Amino acid sequence: MLTDMKITVIFDNNQFSTRLIPKFGFSCVVDTGSEKILFDTGSDGDVLLQNLQKEGFDPGGFNLIFISHLHWDHTGGLERILEAKKDIPVFLPDDATDDYIAALREGGTPASKVTTPIEINNGIYSTGSLPGRKREHALVIETSSGLAVITGCAHPGIVKIAETAKSVVKRDICLLLGGFHLRDTAPAAVNDTIERLIELGIERVCPLHCTGDSAREQFASSFNDRCILGGVGLTVKIPDK
């Protein structure tokens with residue numbers, strides 16, 4: 001169980017820090033103190049590398065790469081990262097083709113498909129690939145404050161992802177961060193989603209990427225100071241000191 005960690009949003013279409021370049025897509029760096037995880041790789045490798053370097057991250061310094069789902073705006077920078085270091089383990093959803101996995105492995109990258117929930121490392125889990133508009137898995141990290149759950153686009157539904165995370169690791173969620181995929185969702189349906197997340201006891205939310213401006217405003221209104229409105233360049237710490 002981790003006692004301290006921080007998440008830095010390194011690629012997002014919402015801007016938080018003017019030092020970094022905003023662009024459609026999503027990626028973040030999870031620093032557990034003992035290892036660094038790159039979650040998704042955005043849509044543009046050049047922008048990803050520039051933002052990583054501006055935040056002081058070595059593109060070849062990651063212990064593992066977690067790809068939430070196989071859409072271009074989450075995988076676009078993978079090749080550039082692997083140019084810096086080929087042998088970083090990559091965890092992908094189970095709709096990755098055998099040919100794609102084989103190509104990564106032939107290039108020296110230990111790539112794995114994740115079907116069911118697994119513990120990747122001590123206290124670091126995948127929800128397993130969930131059905132939706134696109135097969136997707138979420139990253140779950142057990143901390144002393146509860147679970148940090150990171151989503152790419154939440155195509156299976158953000159409520160389903162939160163429910164699954166709690167079933168995989170029997171603890172409450174202290175932070176739900178990432179794309180919630182609510183930008184084309186009617187306000188009433190967004191409100192239903194928010195109410196269900198509140199019922200699930202989510203402590204803090206950080207809606208990013210494909211959540212949509214209107215939905216983000218609804219989250220801020222409902223969660224108040226427990227909603228973090230950020231974008232590229234945002235850093236969230238657990239515990240919040």
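We did not get these values from a lab; they are worked out from the coordinates using the rules stated. In this text the structure is predicted, and so the values were computed from the model without any measurement. We place every Cβ from the backbone using ideal geometry, glycine too, and count neighbours over all the protein chains shown.
For 129, 144, 17, what ranking results if the residue with the fewest other Cβ atoms within 10 Å of its Cβ goes first?
If I rank by nearby Cβ atoms, fewest first, I get 144, 17, 129.
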Quiz prompt | Degrees separating the helix 45-54 axis from the principal Cα axis of the chain, which is the longest one | solution = 80
Quiz item: Residue-wise, which Karplus ³J(HN,Hα) couplings in Hz belong to region 55-68, taking 6.51 cos²θ - 1.76 cosθ + 1.60, θ = phi - 60°, and x for glycine or proline?
Solution: 8, x, 9, 7, x, x, x, 8, 7, 7, 10, 10, 9, 6
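Kindly work out what percent of the DSSP beta bridges joining two residues of region 87-215 are antiparallel, to the nearest 5.
In region 87-215, DSSP labels about 50 percent of beta bridges as antiparallel.
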Exercise. Evaluate E = 1/(1 + (r/R0)^6) for residue 50 and residue 85, where r is the Cβ-Cβ distance and R0 equals 22 Å; express this FRET efficiency to the nearest 0.05.
Key: 0.80
Quiz item: Along the charge dipole of the chain, Cβ charges K/R +1 and D/E -1, which of 189, 84, 24 sits furthest on the positive end?
Solution: 189
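Would you mind telling me the antiparallel percentage of the DSSP bridges in the chain, rounded to 5?
55
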Quiz item: In what sequence, highest mean first, do 180-187, 110-117 appear when ranked by Cβ atoms within 10 angstrom?
Solution: 180-187, 110-117
Quiz item: Using the eigenvalues of the Cα gyration tensor, what equivalent ellipsoid semi-axes result for region 1-133 when each is taken as the square root of five times the eigenvalue, whole Å, largest first?
Solution: 22, 18, 15
Quiz prompt | Under the Debye formula (equal points on every Cα, no solvent term), log10 I(q)/I(0) of region 113-159 at q = 0.15, 0.19, 0.30 Å⁻¹ | solution = -0.37, -0.57, -1.12
Quiz item: Nearest 0.05, what FRET efficiency do residue 98 and residue 188 give at R0 = 30 Å with Cβ-Cβ as r?
Solution: 0.10
Exercise. Specify the inter-centroid distance of region 147-161 and region 113-128, based on alpha-carbon positions, in whole Å.
Key: 14
Quiz item: Can you give the extra length, in nm with one decimal, that the chain gains between residue 198 and residue 15 once fully stretched, where that is 0.36 nm per residue apart less the Cα-Cα distance?
Solution: 63.2 nm
Exercise. Please report, in debye to the nearest 20, how large the charge dipole of the chain is about its Cα centre when each Lys and Arg carries +1 at its beta carbon and each Asp and Glu carries -1 there.
Key: 260
Quiz item: Counting DSSP beta bridges in region 129-175, what percent are antiparallel, to the nearest 5?
Solution: 75
